[in-house]
Amino acid sequence: MKFHDKELKDLEITLNLADGSEMTCGVFASFDVSGKTYFALQPLTPDKKPDTTQGLMLYRVEEDAEKNPVVVYIEDDNEFAAVAQEFQKLMAIR
């Protein structure tokens, strides 16, 4: 699957966490809800493999000037609930 001509499997997203640390994630899935794009992110181990001991995280995706994905924390509870529900539907058909 691609996101603007970039293979999702090749994307790495670095999250800046509240405690000041960083977490590198891969894109597990990309999907749309109400005209917006979302990523399900999976943390990566130090050797860049999916860390299956940690859960997936849902983020809204926007673009920077070069059309690179920029993930945005979903602050609105209603938006998050709708995104989580859609993601659960997608996982059920996989």
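The values are calculated or read from the model by the stated rules, or taken from the named source; none is laboratory data. Quantities reported herein were computed from a predicted structural model and do not represent experimental measurements. Quick reminder, even Gly has a Cβ in these numbers, built from the backbone with ideal geometry, and neighbours come from all protein chains shown. Surface accessibility is based on the protein's heavy atoms, side chains included, excluding ligands, DNA and RNA. Shrake-Rupley method; radii C 1.70, N 1.55, O 1.52, S 1.80 Å.
Here is how the numbers come out for the structure above:
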read-out	value
Cleavage-rule hits, GluC sites (Glu not before Pro), the chain, DSSP coil, Cβ neighbours within 10 Å at most 15	Glu66, Glu75
Overall Cα dimensions of the chain, principal axis frame, Å, largest first	34, 32, 29
Spatially near lysine pairs across the chain, Cα under 20 Å, sequence gap of 8 or more or different chains	13
In Hz, Karplus ³J(HN,Hα) per residue of the stretch 28-45 (6.51, -1.76, 1.60; θ = phi - 60°; x = Gly, Pro)	7, 7, 10, 7, 10, 9, 6, x, 10, 9, 10, 10, 9, 9, 10, x, 10, 6
Apportionment of accessible area to carbon and sulfur, the chain, percent (1.4 Å)	48
Surface per residue (accessible, 1.4 Å probe) for the chain, Å²	67
Dipole moment magnitude, nearest 20 debye, the chain about Cα centre, only Lys, Arg, Asp, Glu C-beta charged	480
Rel. contact order, % - alpha carbon contacts under 8 angstrom, at least six apart, the chain	17
Within a Gaussian network of the chain (alpha carbon springs, distance under 10 Å), most fluctuating of Ala29, Ala81, Ala18	Ala18
